[in-house]
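Novice: Handing you this structure, nothing more for now.
We did not get these values from a lab; they are worked out from the coordinates using the rules stated. It should be emphasised that the depicted structure is a prediction, and the values quoted were computed from it without experimental measurement. As a convention, Cβ positions derive from the backbone with ideal geometry for all residues, glycine included, and neighbour counts pool all protein chains shown.
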Amino acid sequence: MAKILSIFSVLLLGALPLFCDEAADRKKELSDVKNQTAQKEKELKKYREQERKISKEISDLETQKARTQKKKDKVNSDISYVEQNLFSMEEKQNALTRSTPLWDGALDEMLAVYRLHKGCAYCVGGYSLEQELLLDRLVTHQAAFLAEVSKETKNTRKKLQEFAARNEQLQQENAKIEQEQQEISQSFSKKKKDLDSTKQQADAVRKEIKELKKSATELNKLLASFERKRKAEAKKQADKGKSKQTATIPVPRHSLLWPAQGKVISQFGKEYREDLNTWIIREGIKIAAKKASAVLAVSEGSVIFAGPFRSYGNVVILDHGKGFFTIYGFLQEFSVKVGDKVPAGGQVGLAGQDTQASSGTGQNAVYFEIRQGTTAVDPQDWLIKR
């Protein structure tokens, strides 16, 4: 948020002669920005590695999916073959079952004739030897044929049982493959979501790195400006023989009103974000607030800035005199304009939402800073204890 001060640095530099201290502050801030940029680039590298890992897992799942489909096609082909054989065996068994009684009846009739009628009623002298041999062969062959029919019936029944068992086994394998395919599809969908989420996080970090680099460039320009003005002021002060004065906040500690009534959701200074695995450097605090609730001036002051500023949304800056400034960000809208005098507790705007890149909370909140000259101080040291 220190970048906001570049907008009204001319005002500060005209009012305060502390160019050496300001330059030191800006150098420290520049160093913090560079450190934070390095941390973000390290985080971006982690997301890139995660993208590659998830992409590899998705590729493996696609290979596994193709292999499983091939296995399923083979099982379906086997099922089709077995079912055709089952149908053929069933037809054969039915035919054998229908024909067996016929052949049994024919054999019984032939045996009855052979055993009960030793002579031919219309033949002189009964059966001849040749007739006896022929009849004996007919009966023997008939019995052998019937035995083969019975044997084939048993074999067909056995094959039916084998094909039925194989068909059941294949159906179980098919169900197992379908379950595996479902699990692969679920894993594939999850990995795609993970990849999309990782890409979004990486894009957010890239955006923040770009913003940090832009801030570093602005700070470098500001430092160069400070150095030029410091030399000019040093010469001017030397000419006038004036000594340096130190800017201080001209109010007692823990005496300022709160700009919003919610709890502090982001602290001043160096804050570790577990979800991003990095440190965030803050020069103010974030206070939870109901959407569109009033944001109040902590002390009487004059509006020196009111408008949108980078990732802090609408911002209002109040000058309270003697180098004491307060900054209010994340405003849904502001209700003051530059030059307005605002009393302590007067409304400066309405609370909005914290939507800062990857370091934002996503909550309805107010961003708040206190500046002693151009140096940020912990607001909770000056706000009323509660």
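Novice: What's the local net charge at Arg253, with K and R +1, D and E -1, over the other residues with C-beta under 11 Å away?
Specialist: Result for the neighbourhood of Arg253: -1.
Novice: Still on this model: Projecting each Cα onto the charge dipole of the range 247-386 (Lys/Arg +1, Asp/Glu -1 at the beta carbon, about the Cα centre), which of Val342, Ile317, Thr355 comes out farthest on the positive side?
Specialist: Ranked along the dipole, the leading option is Val342.
Novice: Using the count of nearby Cβ atoms within 10 Å as a rough guide to exposure, how do Tyr367, Tyr312, Tyr81 rank from fewest to most?
Specialist: Starting with the residue having the fewest Cβ neighbours, the order is Tyr81, Tyr312, Tyr367.
Novice: Also, quick follow-up: Subtract the Cα-Cα distance of Arg67 and Lys341 from 0.36 nm times their separation in residues, and report this length gain in nm to one decimal.
Specialist: Stretched fully, the Arg67-Lys341 segment lengthens by 91.2 nm.
Novice: Another question, then. What does the charge add up to near Glu178, with Lys and Arg as +1, Asp and Glu as -1, over the other residues with Cβ less than 12 Å from its Cβ?
Specialist: Its environment carries a net charge of 0.
Novice: While we're on this one: Under a point spin-label approximation (7 Å from Cα along Cα-to-Cβ), what is the His254-Lys159 distance to one decimal in nm?
Specialist: 9.8
Novice: Right, something else. Could you sort 180-186, 204-210 so that the peptide with the highest average Cβ count within 10 Å comes first and the rest follow in order?
Specialist: Result, highest mean first: 204-210, 180-186.
Novice: Report the full-extension gain for the segment Glu51 to Glu168: residue separation times 0.36 nm, less the Cα-Cα distance, to one decimal in nm.
Specialist: Residue separation times 0.36 nm, minus the Cα-Cα distance, leaves 37.8 nm.
Novice: To the nearest 20 debye, what charge dipole does the range 149-206 have about its Cα centre, counting +1 at the Cβ of each Lys and Arg and -1 at the Cβ of each Asp and Glu?
Specialist: It comes to approximately 240 debye.
Novice: Follow-up. Please rank Phe330, Phe188, Phe325, Phe309, fewest neighbouring Cβ atoms within 10 Å first, as an exposure proxy.
Specialist: Phe188, Phe309, Phe325, Phe330
Novice: Oh, and also: About the Cα centre of the range 247-386, what is the dipole size in debye to 20, counting +1 per Lys and Arg Cβ and -1 per Asp and Glu Cβ, all else neutral?
Specialist: Roughly 200 debye for the range 247-386.
Novice: Quote the FRET efficiency, to the nearest 0.05, computed for Gln261 versus Lys192 with a Förster distance R0 of 45 Å and r equal to the Cβ-Cβ distance.
Specialist: Calculated transfer efficiency: 0.55.
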